[in-house]
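The values are calculated or read from the model by the stated rules, or taken from the named source; none is laboratory data. As the structure is a computational prediction, the values presented were derived from the model and not from experiment. As a convention, Cβ positions derive from the backbone with ideal geometry for all residues, glycine included, and neighbour counts pool all protein chains shown. These accessible areas exclude ligands, DNA and RNA; they are computed on the full protein's heavy atoms, side chains included. Shrake-Rupley method; radii C 1.70, N 1.55, O 1.52, S 1.80 Å.
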Amino acid sequence: MNLRRALHFVFKVGDRSKTATFYRDVLGMKILRHEEFEEGCKATCNGPYDGKWSKTMVGFGPEDDHFVAELTYNYGVGEYRLGNDFLGLTLQSSQAVSNAKRLGWPLTEVGKALYLAEAPGGYRFYLVDKEQPPNDPVQKVCLAVSDLQKSTHYWSSLLGMKVIERHEEKTVLMGFADTQCKLELHNIGGTVDHGTAFGRIAFSCPREQLADLEALMTKENQKILTPLVSLDTPGKATVEVVILADPDAHEICFVGDEAFRQLSQMDPSGNALLAKVGI
């Protein structure tokens, strides 16, 4: 399973301009690529919407070795209802803390050298006030679960993640590799509500594993939201994906790694493409 990679988390955004300010100017991320689509995604990448939408990938470095954010904008949809499913993304950057203070972006101190900032839409980001590391500053994504034992079994036994830390019956930290962004499952002891703002976490695996992964989930009677399908991006590589749902209905995308590495190459014109749509 060390061939599997944590790639990105999908956030639905209602205000692209304010969102760009947060990720670029506060967090200090770069625009890696921007893509416009005339109709909804076959794998519901943009949610249950059929119309025009855009995807903007932002991160601290190339997608080959950084966990990034996918900002999905559905034209005509200005806001989404938050649930309790996404509990936060943690990154290490004293520069981001300084940027937030300089720009007057609200910060709440929640621990020693730890601040909470909210992105437009209410998504939580935890900023560790330490020098940004030379590798990826993104440390973990935290998701709510209703049954920690059941979810841990799903992510470790079925998807192949390694358990790194376990804190009683409250949280489990896991990942495919020590050098990658980790996934933290947090037991909320109740129903997980996804609202309409629900996101999706994405991973890659060798293309040859996609059919086997789908077959395993079928055998184990687990939910498959989108069976193996090819997705086109105008002018770029076609990728194959399988979309799953864990026991709490968190959406999980697995994409063939070989084609995704081609698709996800940084586009130097990303900022210009955003400017073209007025951002």
Residues of the stretch 231-248 classified as free of Cβ contacts under 8 Å to residues at least 40 places away in the same chain, closer than 14 Å to Lys55 by Cβ and part of a loop (DSSP other than H, G, I, E, B), total: 2
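For (1) in contact with a Ser or Thr (Cβ under 9 Å, 6 or more places away or on another chain); (2) more than 30 Å from Arg16 (Cβ to Cβ), each residue gets a yes or a no:
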| site | (1), (2) |
| --- | --- |
| Asn135 | yes, no |
| Leu183 | no, no |
| Asn187 | yes, yes |
| Thr191 | yes, yes |
| Phe203 | no, no |
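Return the residues of the stretch 176-218 that are among the acidic types (Asp, Glu), outside any helix (DSSP H, G or I) and closer than 16 Å to Arg5 by Cα; say none if nothing qualifies. Walk me through it before giving the result.
First pass over the stretch 176-218, keeping only residues among the acidic types (Asp, Glu): 178, 184, 193, 208, 212, 214.
Those left that are additionally outside any helix (DSSP H, G or I): 178, 184, 193.
Selection gives Asp178, Glu184.
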Cβ pairs under 8 Å, 6+ apart, first in the stretch 260-279 and in contact (Cβ under 8 Å) with a residue 60 or more places away in the chain, second in a helix (DSSP H, G or I) and open to solvent by 50 Å² or more (accessible area, probe 1.4 Å): Asp267/Leu273; Gly278/Ser17; Ile279/Ser17
Candidates Val239, Val277 - the one that is over 19 Å from the mean Cα position of the chain (by Cα), surrounded by 13 or more Cβ atoms within 10 Å (Cβ to Cβ) and of a type outside the set (Phe, Trp, Tyr): Val277
Hits in the stretch 188-210 - residues which are touching a helix residue (DSSP H, G or I) at 6+ places or on another chain (Cβ under 9 Å), over 30 Å from Gly14 (Cβ atoms) and open to solvent by less than 30 Å² (accessible area, probe 1.4 Å): Cys205, Pro206
Close pairs from the stretch 73-100: first more than 23 Å from Arg33 (Cα to Cα) and open to solvent by 20 Å² or more (accessible area, probe 1.4 Å), partner of a type in the set (Ser, Thr, Tyr) and assigned to a loop (DSSP other than H, G, I, E, B), Cβ under 7 Å, at least 6 apart: Tyr80/Thr196; Arg81/Thr196; Phe86/Tyr123
Some residue of the stretch 48-69 being farther than 30 Å from Ser156 by Cβ, touching a strand residue (DSSP E or B) at 6+ places or on another chain (Cβ under 6 Å), open to solvent by 10 Å² or more (accessible area, probe 1.4 Å) and among the acidic types (Asp, Glu): no
